[in-house]
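Inspection log for the structure reproduced underneath, given as structure tokens.
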Amino acid sequence: MSSTPIVQSFIAGQWIGQNAHQTLNSAINGDAVFSTHSEAIDFSSSLDYAKTIGHKSLLALDFQQRATVLRNLGKYLMEHKESLYQISAHTGATRNDSWIDIEGGIATLFAYSSMGRNELPSGNTLHEGDPVQLGKVGQFFGSHILVPKQGAAVHINAFNFPIWGMLEKFAPNFLAGVPAIVKPASQTSYLTEACVKLMHQSNLLPLGSIQLIIGSTGDLLDRLDSQDIVTFTGSADTARMLKSNANILNHSIPFNAEADSLNCAILAPDVTPEDAEFELFVKEVAREMTVKAGQKCTAIRRILVPEHLIEPVSGALTQRLGKTTLGDPTIEGVRMGALASIDQQRDVQEKLEMLMSSSDVLLGRGAECKPFGEGTEKGAFFEPTLLLNTSPDAEGGAHDIEPFGPVSTLMPYRDVDHACTLAARGKGSLVTTLTTKDPAIAGVVAPKLAVWHGRVHILDERSSKESTGHGSPLPMLKHGGPGRAGGGEELGGIRAVKHYMQRASVQGSPTMLMAVTGQYVRGADKIEKPLHPFRYHFDELEIGQTLLTHRRTVTEADIVNFGCLSGDHFYMHFDEQAACDSMFEKRIAHGYFVLSAAAGLFVDPGVGPVLANYGLDTLRFVNPVGIGDTIQARITCKTKIDQGKVNNKGDAIGVVSWDVEVVNQNGELVASYDILTLVQKSQKP
């Protein structure tokens, strides 16, 4: 029996692992802290469980309900986060490093919960874009829908973020309704396991939502089919090897790679040592070299600086980095911990020696450092190391070699075009930072950088007060990059959810499209009922339920009174001669008067289940309304979204979107928009 706890796999609803296999050591002092298990995993049963039990239980919920589960799961993990911090210390991470991994990962759950509740419908079919009329008489339309894939999302993650790396992928695939099979890197898999055990213990997740592989993926990739999807985070070499799997190629299995890359930071030539931006640049570079001991796929590996500022920047950087306290993170005052393992330390040292053939060492002793703390001489520590390459146009060096640790290379450039050329020498990166005071420089340089970088972070004194920094991917923005960075995309808001869904075009009559999308399409069959639609509760309303209002003729008094009330005396409404000379050839009513008059036509004034109007979408004023024109409105229930919310009085409510068409006496559309309302349900929650 092993004297260390065995890290278990969670396969087909069962925890597997009683016998020890590989010893996992503390990055701080080398002590054995965990062991992987030796039991083989039946990947056939794992996939079958995901595609039957997992798929069925996930789709028993809809987008809105799964978004609520993510929120509740985030709350549960926050309540138990300290247990994760304790285990995270073995990875060599400081409290701040662990905060990025643990609470940053949990924050992604909250972010996707919020985006799902605000942007996704009730149901499991996502309608994308507006229907397009394909026929002349309005009875043949086309549109796009997205539906959850029927396979599994296989996530192969890196060692540096054992929790965030899992949750930032899990949140969108769960929201999409696709089960996940997670494979963390072995050396820090114990922290991923601890998080998955909490997720399982929460009893919040539907059966089969997540499985965990400890150790090798075996023949898993060979068993996948076209309904599955693989995501990978790690080295570019491993990404290429996995992506070239014959089964993945033969079945066109989507493979999303996010690879380590040679990210850079550029100090623009307008910045001087006296500027606040100079200090911000130095601080940002130093932070990215030391946070997580430089073990971040987004870390700054190349520092591009104007030739005349090499000495001031190198001096400021060596001074700041020289103050970094390296050692056991549990010791007060230690600001940088260890690399994840001795193997990682050895790899970084080898890459550093390769770089030293083209660069000079300005600061750092690499693995020959002396960290604080008992037993740390057996740990995987590596001192922040700053290099200088005075021949940045030469082949190789820091443009090709990446030590995945606290090592960065300073390079001089001649002008901004040269800087952009050097940045592109990384052959594709996740992120670059441009530090400048000048919007004109940002306007020219950022688009050039965007060709080769997945994210462009522009840093100046104003943004610095709120900036999350160079190395922080955000759930709302795309994470990924071209070329060496893998060519994939993660996060990016609801875009990430769509990665796990199949897009299809749908053609048919408006009525058929309405049935498929769950959204009213103009021209579809309408539902006429005796009562005003505003008299029906949320659960009583039907998509397509409609009201055609009485008519109203617009008078000059209407225009004058609205202008006096609103203060809008634009010439098109009041200057007869100028209006006659315009494209409309007459005075016209205010667009917002037409909007207000339409509301007067369709609003039911009595107390009822419609509680509030909280916005308009897609508003367009299509044709002018002149004095003497007669308008009429049609309001139709377009979509219903049940977010599971209650108001401050405890009433259960849902969101209803109403399609509004306003026409004139000739039947011509004059205004078109959607109204969003909160509507009470008939039953208490």
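The values are calculated or read from the model by the stated rules, or taken from the named source; none is laboratory data. The model shown is predicted, which means the values in this text are computed figures rather than measured ones. Here the Cβ positions follow ideal geometry from the backbone for every residue, glycine too, while neighbour counts run over all protein chains shown.
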Legend entry - Of all residues making up region 494-552, the number that are assigned to a loop (DSSP other than H, G, I, E, B) and not aromatic (Phe, Trp, Tyr): 21
Inset, instruction - Determine whether VAL594 is β-branched (Val, Ile, Thr), over 23 Å from GLY667 (Cα atoms) and in a helix (DSSP H, G or I). - result: no
Legend entry - Hits in region 609-668 - residues which are charged (D, E, K, R), in a strand (DSSP E or B) and under 16 Å from PHE593 (Cβ atoms): ARG620
Inset, instruction - Please work out which residue is nearest to GLY337 (Cα to Cα), limiting yourself to region 80-94 and to residues that are under 25 Å from the mean Cα position of the chain (by Cα) and part of a loop (DSSP other than H, G, I, E, B). - result: ALA93
Legend entry - Cross-chain or 6+ apart pairs with Cβ under 9 Å, region 19-32 first and without any contact (Cβ under 8 Å) to a residue 24 or more places away in the chain, then in a loop (DSSP other than H, G, I, E, B) and of a type in the set (A, V, I, L, M, F, W, C): ASN19/MET1; ALA20/MET1
Legend entry - Test: TYR49 is modelled with pLDDT of 95 or more, in contact with a Ser or Thr (Cβ under 9 Å, 6 or more places away or on another chain) and among the aromatic types (Phe, Trp, Tyr): no
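So that you can scan it fast, the table gives a plain yes or no per residue for (1) on the phi < 0 side of the Ramachandran plot; (2) within 21 Å of the chain's Cα centre (by Cα):
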residue	(1), (2)
VAL416	yes, no
THR421	yes, no
ALA424	yes, no
LYS427	no, no
ARG455	yes, yes
ARG462	yes, no
SER467	yes, yes
GLY487	no, yes
LYS498	yes, yes
Inset, instruction - Answer yes or no: is there a residue in region 115-129 that is modelled with pLDDT of 95 or more, over 24 Å from LEU84 (Cα atoms), within 20 Å of the chain's Cα centre (by Cα) and in a strand (DSSP E or B). - result: no
Inset, instruction - Determine, yes or no, whether PHE593 is crowded, with 16+ Cβ neighbours inside 10 Å and not β-branched (Val, Ile, Thr). - result: yes
Legend entry - Count of region 645-673 residues which are surrounded by fewer than 16 Cβ atoms within 10 Å (Cβ to Cβ) and in contact with a Ser or Thr (Cβ under 6 Å, 6 or more places away or on another chain): 1
Legend entry - Candidates LEU224, LEU262, LEU198, LEU207 - the one that is touching a residue at least 24 places away in the same chain (Cβ under 8 Å), touching a Gly at 6+ places or on another chain (Cβ under 6 Å) and not acidic (Asp, Glu): LEU262
Inset, instruction - Kindly indicate the residue of region 282-333 that is surrounded by 17 or more Cβ atoms within 10 Å (Cβ to Cβ) and among the acidic types (Asp, Glu) and also farthest from ALA259 (Cα to Cα) among those meeting that condition. - result: ASP328
Inset, instruction - Please list, ordered by first then second residue, the pairs with beta carbon atoms under 6 Å, 6 or more apart or interchain, first in region 543-564 and at positive phi, second outside any loop (DSSP other than H, G, I, E, B). - result: GLY544/ILE527
Inset, instruction - Check whether at least one residue in region 396-406 is farther than 24 Å from CYS297 by Cβ and either modelled with pLDDT of 95 or more or out of contact with any Pro (no Cβ under 6 Å at 6 or more places or on another chain) (or both), and report yes or no. - result: no
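Listed here are the residues, each with its yes/no results for (1) among the acidic types (Asp, Glu); (2) under 21 Å from ILE163 (Cβ atoms); (3) in a strand (DSSP E or B); (4) at pLDDT 95 or above.
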| residue | (1), (2), (3), (4) |
| --- | --- |
| ALA27 | no, yes, no, no |
| GLY30 | no, no, no, no |
| MET78 | no, yes, no, yes |
| PHE110 | no, yes, no, yes |
Legend entry - Members of region 38-62 that are out of contact with any strand residue (DSSP E or B) (no Cβ under 9 Å at 6 or more places or on another chain), over 21 Å from LEU224 (Cα atoms) and buried (at least 16 other Cβ atoms within 10 Å of the Cβ): LEU61
Inset, instruction - Could you list, in sequence order, all residues of region 144-168 that are surrounded by fewer than 22 Cβ atoms within 10 Å (Cβ to Cβ) and of a type in the set (S, T, N, Q)? - result: GLN150
Legend entry - Subset of region 208-229 (residues that are surrounded by fewer than 16 Cβ atoms within 10 Å (Cβ to Cβ) and either small (Gly, Ala, Ser) or closer than 22 Å to ARG66 by Cα (or both)): SER216, GLY218, SER226
Inset, instruction - Report yes if LEU387 is aliphatic (A, V, I, L, M) and within 15 Å of ILE303 (Cβ to Cβ), otherwise no. - result: yes
